[in-house]
Amino acid sequence: MEPKAPRITDVARLAGVSTATVSRALSKPETVAESTRNTVLAAAEKTGYRVNLSARNLRRQRTGAIVVLVPNIGNPFFSEILAGIETALSESDINMLVVDTRQAHMKPQLVLEYLHATRADGIIALDGSLPDAILSVASSGAGAPPIIFACEWTPKGEFSSVRANNTHGGELAVAHLAGLGHRTIGMITGPDDNVLTHARSKGAAQGLAERGLTLDPAHVFAGDFSLDAGALAAQAWLELSQRPSALFCQSDQMAFGFISELARHGISVPGDVSIVGFDDIAIAQRFIPALTTVRQPRKKLGLSAARLLIEHIGTHSSPAIETTILEVELIVRDSTRAFAG
């Protein structure tokens, strides 16, 4: 005969307190004295008692889980953001389900299914290009769980968001290159309809203008933040009769693609052209040459977004729209050097 699973009454008996005190100590530890909390935790550990999260969530009318919408789960950029989200959720006994919104099989209807309180307590969206059909449901408030945008955001700003200061990052990138004496500075952009592209391009334009420089349209290469886009931009750069001596790549991935493609043609970075990236993903400092880049506080982005979402989950009325902007930092490494003339 299997032994019975320990119950809350067993913990209460061993700790010498009421079952109500045990419940508070385990679910709302801040409401009981530290000595009592420690006694209850010791008793729970000794008896082997575990909180029934499913039952607790049912009483609270919650699922105990949130959904994170990621545009490309294979992109290493998102790893630190997800780590930050997980750290915050672990503090609140909330689970995380990650959904890749760009997979071929991922139809809007499948994402819409998560926009119901019966499927998720909340949503963190790392994808600023979600279809209007999804955004309209998410903003309707008709039974939809709260949604926070992290890293990216929607152009209309109808949702709370946590983001890096992308505009300042673009300015930092070109200011560094101009400070090294470069006067013809090019740029590889992200998708034309992406908020990050607009913000980083705006910052770069402002930074150039403040230094009396302009951006030649022939030196702007359209990309999509990927390695392949960087390689294609390098091929276009090679075909120019007058090449910019420095480039601001709006993602590290594009910078890596650009540099590696130039290496195939015997072009040196930074000997022949200086490169600045954006993001500071892990490989940036190990790449050859180590990449000068704009660092986003990615783990803090995830942590802040998750904590804000947890606050929104606990608010029964519609929460006010909040925008949190985290500062970026220029990390100077080996892919840039002074203009040699």
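Number of residues in segment 330-340 that are in contact (Cβ under 8 Å) with a residue 60 or more places away in the chain and either assigned by TED's automatic domain parsing to the domain that holds residue 184 or of a type outside the set (Val, Ile, Thr) (or both) equals 6. Restricting attention to segment 181-196, the residues that are surrounded by fewer than 21 Cβ atoms within 10 Å (Cβ to Cβ) and under 30 Å from residue 150 (Cα atoms) total 4.
None of 226, 245 is of a type in the set (Ser, Thr, Tyr) and under 28 Å from residue 96 (Cα atoms) except 226. For segment 283-314, residues that are over 16 Å from the mean Cα position of the chain (by Cα), touching a residue at least 12 places away in the same chain (Cβ under 8 Å) and over 23 Å from residue 263 (Cβ atoms) total 3. Would you pick out the residues in segment 156-203 that are closer than 30 Å to residue 341 by Cα and among the small types (Gly, Ala, Ser)? If the condition is that a residue be closer than 30 Å to residue 341 by Cα and among the small types (Gly, Ala, Ser), then 169, 170, 173, 175, 178, 179, 181, 186, 190, 201, 203 are the ones that fit.
Counting just the residues of segment 284-322 that are among the small types (Gly, Ala, Ser) and surrounded by fewer than 20 Cβ atoms within 10 Å (Cβ to Cβ), which one comes out modelled with the lowest pLDDT? Here the answer is 317.
Being surrounded by 22 or more Cβ atoms within 10 Å (Cβ to Cβ), over 26 Å from the mean Cα position of the chain (by Cα) and assigned to a helix (DSSP H, G or I) holds for only one residue in 234, 218, 263, and it is 234.
The set of residues from segment 153-184 being part of a loop (DSSP other than H, G, I, E, B), among the charged types (D, E, K, R) and in contact (Cβ under 8 Å) with a residue 60 or more places away in the chain comprises 158, 183. Restricting to segment 237-260, name every residue that is assigned to a loop (DSSP other than H, G, I, E, B), more than 31 Å from the chain's Cα centre (by Cα) and under 28 Å from residue 202 (Cβ atoms). 240, 242, 243, 244, 245 - these are the residues of segment 237-260 that are assigned to a loop (DSSP other than H, G, I, E, B), more than 31 Å from the chain's Cα centre (by Cα) and under 28 Å from residue 202 (Cβ atoms). All conditions in (1) more than 22 Å from residue 162 (Cα to Cα); (2) outside any strand (DSSP E or B); (3) out of contact with any His (no Cβ under 8 Å at 6 or more places or on another chain) hold for residue 275, with the sole exception of (2). Restricting segment 152-190 to residues that are at pLDDT below 95 and not polar (S, T, N, Q), which is nearest to residue 234 (Cα to Cα)? Checking each candidate, the answer is 152.
The values are calculated or read from the model by the stated rules, or taken from the named source; none is laboratory data. All of these numbers come straight from a predicted model, not from anything done at the bench. Every residue, glycine as well, gets a Cβ built from its backbone with ideal geometry; the counts of neighbours run over all protein chains shown.
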